[in-house]
Every structure is written in C-alpha cells, then in structure tokens.
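Accompanying notes for the structure given below.
The values are calculated or read from the model by the stated rules, or taken from the named source; none is laboratory data. Here the structure is a predicted model, which is why all the values come from computation and not from measurement. No Cβ is skipped: glycine too gets one built from the backbone with ideal geometry, and neighbour counts run over all protein chains shown.
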Amino acid sequence: METLVISAGDSMTISQNFWKDRRVLITGHTGFKGCWLTLLLLSLGAKVWGYSLAPKDEPNLFNGLQLSKDTSNLKNDQMHHKIGNICDIDALFNYINESSPEIVFHLAAQPLVRESYSDPLLTWNTNVIGSLKLLECLKSINHCCAVVMVSTDKVYENHEWVYGYRELDRLGGHDPYSSSKSAMELGVSSWRSSFCGPGDNQTPYLAISTARAGNVIGGGDYSQDRIVPDAIRSLQSGVPIPVRNPYSTRPWQHVLEPLSGYISLAQSLLEEQEINPNQTNSFTQAFNFGPTIQSNQPVGKLIEELLLYWPGKWSDVSDPSALHEAGLLNLVSDMARNKIGWEPKWNFKTTVFRTINWYKKVNEGKSPMSCCMDDINNYFESNVIENN
C-alpha cells in the first residue's frame, strides 16, 4: 500500500512522519466512514486497531476491502480487528489496554435517523452511554492520547433557517438520533471538564474533541434508508429511485472531506498535548467539517446529478405524514479553517461524480480497494512520497 504525505489545504498538512507507526484505535471501523478512515491511516503507515460490531449490510465495504485479512496490501502488524459492542465495557477496557492507543477515533454509533424511531433506546444507549463508556475506559491510559469523538451536523437545534450553524449555537434534536448525538456532545463536554486535568480525580493525558460533519456520501456505502445507496440499488435493478424528501436541502460532502479534517484535528490535538500535557489544550472543543455553501443542494438535485452519470429515473414518494426529518441544514466551518487549516476541496459536481463513478467501476468488476485508492490519490492530488 502506498504511503502518503497529504496537503489538503493552504495550511493543513497531514504528515507521514507524524503518523508512521502510531497506534490508532478506531471504534466503528467496519462501517462506511470507518473503512475509509482505516484505509487512509494504513496508507499513512499507522498501526490501526479496530473495535466494532460486525458489518450489518451485505454487501459491505469492510469485507470488500478485506481489511481484516493478510493480503498483499497489508502487513500482519498493521491492522488489528475485533468484533465487539461499544457498550460492553469489560471487552472494551481489555482491548484498550491491549492496543494502548495514542489516538482514538470514535465512530461507533447507531447512525440512521429512521432507525432511531424504530429503536430509540438502542440509539440513545449506543450513542450516549457507549461513548461515555469509551471515555471511562480511556482513563487507564498513562501516556498522551488524542481522542476525536465523531458527531454530526444534526446536533444543532434546527430552526430551518438559511444561516449556517456554528459550534457555539444551541444543541437540540427532534428525532431520537439527533437528540442522542446532542446528548453525546453534552456528555463528552461534561466528562472532559470533570475528568481531564491535573486534579486528583483527573487524567492529564487525554485531549478530547468532537467533530461534526455534513451529509457524507461516497463509494462503498450500502446502508438502508440512505439516499445514495438506495439510488444505487434502484439503478442496478432498473427501477425508479424512490425519493422521500426531494426538496430537503443537505450539506453534501465526499467522505474524504471530513476524514481529512478528523486526521488533521487528531494530529493537532496530540502534538499540543505532548508538548503541554498539564495545560489546557486549545483544540479540545467542537469542530464543524462541512462543505462550501454551493454544496448545499436539495435531494432532488443530488439525484438529477447522479443520473447524469448513471442514467435512470426517480419518483417522488414524499409523504406529509412520514417521520420527521430536517428540511434545511448548513454548517459553518470557519473554526476548522482558522485553527487547523482545513477546508473542503471538492465541489458538489466533483463529489457526486467521484461517488457514482466508484459504484460504476465496482459494478463493472474493479476491486473496491483500487477504487478507494483512486479516490484517495485524486483527492490528495497524488502527493505520494515517503519521508525519510
């Protein structure tokens, strides 16, 4: 597998020198975003430990990439894989002690709005209690460790206004998923204030941030009740794509956009923590990672753009009595731009093209691994070099 030195913005640099042989724990590594993050970190030379439930959908990106197997692309000591529940505190504690991570990316979650209506208790338990159990287990770490708790743009109290939400705006949540993520944010903030620091009941080693992304799309997502996977299944079957909310606007972004932000944030967190472990870390806060305003487009526009590259039809199946989903949502990412130099690279048309092209190539017989690496190298302008 190629090793990368990544420059994704004017001032953001993700360095192989920093990531080479770093011990990284990813919860939820078998999910869509988790797989892409795992692949990125392995490309940077990190040693990745994954803790997650088994993939739920079939097909799925994790099995397609064969990340848990010894292939020509991976070394035996690069990827460690464990099936486990984030709410199983004993198994989680043992795995953290075994992996002894320097960096943690927490992606394990119940991530679907509509599923949260079907099983709200599971959603709240996983997203809130599971997250706090992870932090409790990390108390055992006796070296500097950066923790990025992945959240969502849906944590904000949504007024359906045209203005973008900033990190200091009020949290809320109409549906169980959104409210669970808001509660996770509040829980993390309280836990950090209570247990991170030089006090007798505190740890000086952990630096914790939360990261809120927009509506992420990209190749390899096969989840139910997500617009792009639903569209791909319909196109493959030759039937019209059912669209529930064609006029709802979302901040669409390719999966590589927020992941580059998470990685840069973790690097900034740990670098500062290693220099000043007993002082307040300036990166321990919430960060938005959203697309440009031009990428805020209605669902119907997304589908029309997809059909330019994979012809087909769609049908409006909106139902006024259906479960509530947000109609208008936008993020302001000035904090990430100013503090860590992150900014989105791909516009709406490029994001849609790279996404649909991934599925088309896999449908034609190309391997998911080669398709993912094509997108990674294209996103990072093929800056593939090895540091000395």
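Just one residue in the set V188, V228 is modelled with pLDDT of 95 or more, within 19 Å of T123 (Cα to Cα) and surrounded by 15 or more Cβ atoms within 10 Å (Cβ to Cβ); that residue is V188.
Residues checked against (1) modelled with pLDDT of 95 or more; (2) under 25 Å from I232 (Cβ atoms); (3) of a type outside the set (D, E):
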{"residue": "P320", "(1), (2), (3)": "no, no, yes"}
{"residue": "G327", "(1), (2), (3)": "no, yes, yes"}
{"residue": "L331", "(1), (2), (3)": "no, no, yes"}
{"residue": "A336", "(1), (2), (3)": "yes, no, yes"}
{"residue": "T351", "(1), (2), (3)": "yes, yes, yes"}
{"residue": "D375", "(1), (2), (3)": "yes, yes, no"}
{"residue": "N383", "(1), (2), (3)": "no, no, yes"}
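Tell me, yes or no, whether the stretch 164-176 has at least one residue that is aliphatic (A, V, I, L, M), modelled with pLDDT under 95 and under 19 Å from F283 (Cα atoms). The answer is yes; a qualifying residue exists. Scanning the stretch 57-81 for residues that are in contact with a Ser or Thr (Cβ under 8 Å, 6 or more places away or on another chain) and modelled with pLDDT under 90, we see that the one that is farthest from D21 (Cα to Cα) is D57. For S193, the conditions (1) over 21 Å from T126 (Cβ atoms); (2) assigned to a loop (DSSP other than H, G, I, E, B) all hold with the exception of (2). Across the stretch 159-176, the number of residues qualifying as in contact (Cβ under 8 Å) with a residue 60 or more places away in the chain and closer than 22 Å to S333 by Cβ comes to 8.
Scanning the stretch 260-306 for residues that are touching a residue at least 24 places away in the same chain (Cβ under 8 Å) and among the aliphatic types (A, V, I, L, M) turns up I263, L265, A266, L269, L270, A286, I293, V299, L302, I303, L306.
The residue list A108, A91 contains one member that is of a type in the set (A, V, I, L, M, F, W, C), outside any helix (DSSP H, G or I) and at pLDDT 95 or above, which is A108.
Contact map, the stretch 86-103: first residue free of Cβ contacts under 8 Å to residues at least 60 places away in the same chain and surrounded by fewer than 20 Cβ atoms within 10 Å (Cβ to Cβ), second residue hydroxyl-bearing (S, T, Y) and not in a helix (DSSP H, G or I), Cβ cut-off under 9 Å, separation 6 or more or different chains; pairs are A91/Y51; F93/S140; N97/S140. Return the only residue of I96, I26 being of a type in the set (V, I, T), within 19 Å of V147 (Cα to Cα), in contact with a strand residue (DSSP E or B) (Cβ under 6 Å, 6 or more places away or on another chain) and not in a loop (DSSP other than H, G, I, E, B). Being of a type in the set (V, I, T), within 19 Å of V147 (Cα to Cα), in contact with a strand residue (DSSP E or B) (Cβ under 6 Å, 6 or more places away or on another chain) and not in a loop (DSSP other than H, G, I, E, B) holds for just one of I96, I26, which is I26.
Looking at this structure, is G173 under 18 Å from the mean Cα position of the chain (by Cα), small (G, A, S) and assigned to a loop (DSSP other than H, G, I, E, B)? No.
Of the residues making up the stretch 121-158, those that are over 20 Å from Y262 (Cα atoms), touching a residue at least 60 places away in the same chain (Cβ under 8 Å) and not basic (K, R) are I141, N142, H143, N158. Among the residues in the stretch 240-254, are any surrounded by fewer than 21 Cβ atoms within 10 Å (Cβ to Cβ) and within 30 Å of F195 (Cβ to Cβ)? No, the stretch 240-254 contains no residue that is surrounded by fewer than 21 Cβ atoms within 10 Å (Cβ to Cβ) and within 30 Å of F195 (Cβ to Cβ). Within the stretch 138-159, the residues that satisfy the criterion of being part of a strand (DSSP E or B) and under 13 Å from the mean Cα position of the chain (by Cα) are V148, M149, V150. Taking the numbered list (1) of a type in the set (D, E); (2) touching a helix residue (DSSP H, G or I) at 6+ places or on another chain (Cβ under 9 Å); (3) exposed (fewer than 14 other Cβ atoms within 10 Å of the Cβ) in turn, E160 passes all entries but (2). In this structure, does P291 turn out to be in a loop (DSSP other than H, G, I, E, B), on the phi < 0 side of the Ramachandran plot and surrounded by 17 or more Cβ atoms within 10 Å (Cβ to Cβ)? Criteria met by P291.
Residues checked against (1) closer than 27 Å to L171 by Cα; (2) among the polar types (S, T, N, Q); (3) assigned to a strand (DSSP E or B); (4) touching a helix residue (DSSP H, G or I) at 6+ places or on another chain (Cβ under 7 Å):
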residue	(1), (2), (3), (4)
A207	yes, no, yes, yes
G219	no, no, no, yes
D230	no, no, no, no
S234	no, yes, no, no
Y247	yes, no, no, yes
P251	yes, no, yes, yes
E257	yes, no, no, no
